[in-house]
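J.: Take a look at this one; I'll ask things after.
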Amino acid sequence: MNTATSTDAPVRVSFRDVMVEFPTAQGPMRVLDGVSLDIRQGEFVSVIGPSGCGKTTLMNILGGFVQPTAGQVLLDGRPVQGPGPDRGVIFQEYGVFPWLTVRQNIAFGLNLAGNKVPKSEHKGIVERYMGLMGLSDFAGHFPKHLSGGMRQRLAIARAYAVRPQFLLMDEPFGALDAQTRSAMQDLLLQVLQTEGKTVMLITHSVDEAIYLSSRIVVVTARPARIRTVIDVPFGYPRAENVHEDPRFAALRAQIRELVMQEYAAQARQAVRLSD
Ligand SMILES: Nc1ncnc2c1ncn2[C@@H]1O[C@H](COP(=O)(O)OP(=O)(O)O)[C@@H](O)[C@H]1O
Ligand SMILES: [Mg+2]
């Protein structure tokens with residue numbers, strides 16, 4: 001069986017004792033604390049934890065948008081210096097350019113310096129992702145004329161089109177209806193099957209995390225620390241019917257319980273802060 005967690009794959013991403021503090025009027029607020037995590041080539045790692053605990057910050061460090069206050073993040077052994085075309089990012093809020101049409105948005109990354117896809121292939125790639133995302137009829141439309149779900153699909157298409165080695169996805173399917181969400185999950189699995197990427201996904205959906213990931217990282221209430229890392233026992237290619245596997249239900253119960261405990265811890269913190 002083909003498992004993405006093969007332990008001999010090289011480590012591509014390494015969070016080393018990462019701490020982040022943001023300045024606030026009340027003094028520094030710690031958002032991440034002592035986060036250490038290695039992600040190997042071809043792994044699909046999901047991060048799950050309470051709202052506001054620091055998940056987006058964790059992704060932003062790997063994306064090169066936020067510097068750790070202490071510790072470091074290594075990409076292929078070198079500290080992350082800033083954003084780069086090797087990392088395709090899908091932001092929690094729609095990451096599309098309002099001044100570009102659907103077609104231009106998808107083509108945008110392909111035209112950036114540093115992109116290695118030959119010019120002759122651009123048009124075909126753009127058409128392909130427009131088709132896969134159900135956006136072909138809207139090629140010349142601007143984002144303001146699209147529904148929220150369509151804008152989100154456009155953001156996903158833009159990230160996939162440049163074929164980055166790493167996909168960093170921050171709740172990418174959260175704004176989609178259940179049907180589209182499930183189609184997007186299967187499409188992502190297909191893309192990974194053909195292009196082999198290393199993925200970090202933030203999600204609130206326990207089912208989504210189990211269905212897609214090779215490992216699931218449960219983080220604590222703020223400041224986010226790693227509470228548990230869970231290996232998902234299913235290999236790839238992964239089929240819809242893993243949802244019916246008894247191990248799926250057991251994992252779901254285990255992870256839901258952990259996440260609920262962290263939400264409870266967060267609620268207790270909020271009560272303490274208001275005393
Ligand atoms: N650039 C920033 N400056 C100040 N505070 C921030 C910044 N980014 C995030 N925060 C705060 O850090 C906390 C964690 O945010 P975030 O990482 O977005 O959490 P999550 O994605 O888990 O919901 C929140 O309280 C948020 O308001
Ligand atoms: Mg977030």
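J.: Using label points projected 7 Å from each Cα along Cα→Cβ, tell me how many nm separate GLN261 and GLU21, to one decimal.
T.: 2.8 nm
J.: Among DSSP beta bridges whose residues both lie in the chain, state the antiparallel percentage, nearest 5. Walk me through the numbers on the way to the answer.
T.: On the way: 23 of 41 bridges.
Beta bridges within the chain, antiparallel portion: roughly 55 percent.
J.: Does a label point 7 Å from the Cα of HIS141, set along Cα-to-beta-carbon, have any residues of segment 79-117 with amide nitrogen under 12 Å, and which are they?
T.: 102-103
J.: How far, in nm, would the chain grow between LYS116 and ALA270 when pulled straight, counting 0.36 nm per residue and subtracting the alpha carbon separation? Spell out each step's value before the answer.
T.: Working: separation 154, 0.36 × 154 = 55.44 nm, distance 4.84 nm.
Contour length minus the Cα-Cα distance gives 50.6 nm.
J.: Only Cα pairs under 8 Å and at least 6 apart count here; give the relative contact order of the chain as a rounded whole percent. Intermediate results must be reported in sequence, preceding the final value.
T.: Values: 494 pairs, mean separation 70.4, N = 275.
Answer for the chain is 26 percent.
J.: In the structure displayed, which of LYS123/LYS197; LYS116/LYS144; LYS119/LYS197 lie more than 25 Å apart, Cα to Cα?
T.: On the way: LYS123/LYS197 22 Å; LYS116/LYS144 30 Å; LYS119/LYS197 22 Å.
With Cα atoms farther than 25 Å apart: LYS116/LYS144.
J.: I would also like to ask the following. Students often get this wrong: which residues of segment 24-56 have the backbone nitrogen under 18 Å from the point 7 angstrom along Cα-to-C-beta of GLN254?
T.: Label zone hits: 44-49.
J.: Right, something else. Is segment 194-262 best put as rounded, prolate or oblate by its Cα gyration tensor, with a ≥ b ≥ c the root eigenvalues, rounded for a/c under 1.5, and otherwise prolate when a/b is larger than b/c, oblate when not? Don't jump to the answer; show the numbers that get you there.
T.: Details: a/c = 2.46, a/b = 1.36, b/c = 1.82.
Oblate, because a/c is 1.5 or more while a/b does not exceed b/c.
J.: So which GluC sites (Glu not before Pro) in segment 201-275 pass both tests, a DSSP loop state and at most 10 other Cβ atoms within 10 Å of the Cβ?
T.: Details: sites: GLU208, GLU240, GLU244, GLU257, GLU262; in loops: none.
Hits after loop and neighbour filter: nothing returned.
J.: If you don't mind, there's one more thing I want to ask. Provide the net charge surrounding PRO164, with neighbours chosen by a C-beta distance below 13 Å and charges set as Lys +1, Arg +1, Asp -1, Glu -1. Let's see the in-between values first.
T.: Details: positive: ARG12, ARG87, LYS116, ARG158, ARG163, LYS197; negative: ASP86, GLU195.
In short, +4.
J.: Residue-wise, which Karplus ³J(HN,Hα) couplings in Hz belong to segment 234-251, taking 6.51 cos²θ - 1.76 cosθ + 1.60, θ = phi - 60°, and x for glycine or proline?
T.: Calculated HN-Hα couplings, in order: 9, x, 10, x, 10, 10, 2, 6, 5, 4, 8, 5, x, 5, 4, 4, 5, 4 Hz.
J.: If the only charges are +1 at each Lys and Arg Cβ and -1 at each Asp and Glu Cβ, what is the size of the charge dipole of segment 95-163 around the Cα centre, to the nearest 20 debye?
T.: Numbers: 10 positive and 3 negative charges, 27 e Å.
It comes to approximately 140 debye.
J.: Sticking with this one: At 222 nm, what value in deg cm²/dmol follows for the chain if DSSP H runs of at least 4 each add -39500 (n - 2.57) and the sum is divided by all its residues, to the nearest 500?
T.: Working: 7 runs with 98 residues, N = 275.
Helix-only estimate at 222 nm: -11500 deg cm²/dmol.
J.: Tell me which of LEU100, MET133, ALA159 sits at the most positive position along the dipole axis of segment 95-163, charges placed on C-beta atoms (Lys, Arg +1; Asp, Glu -1).
T.: ALA159
J.: For THR7 and GLU93, FRET efficiency with R0 = 30 Å and r from the beta-carbon atoms, rounded to 0.05?
T.: Computed FRET efficiency for GLU93 and THR7: 0.25.
J.: Then there's this: Return the distance in nm (one decimal) between the two label points of a simple spin-label model at GLN67 and MET29, each offset 7 Å from Cα along Cα→Cβ.
T.: 2.1 nm
J.: Looking at the chain as a GNM with Cα springs under 10 Å, which of PRO143, PRO28, PRO83 has the largest mean-square fluctuation?
T.: Of PRO143, PRO28, PRO83, the Gaussian network model singles out PRO28 as fluctuating most.
No lab work stands behind these numbers, since they all come straight from the coordinates. Only a predicted model underlies this, so the values are computations on that prediction, with no experimental measurement involved. Don't worry about glycine lacking a Cβ; one is built from the backbone with ideal geometry, like all the others, and counts go over all protein chains shown.
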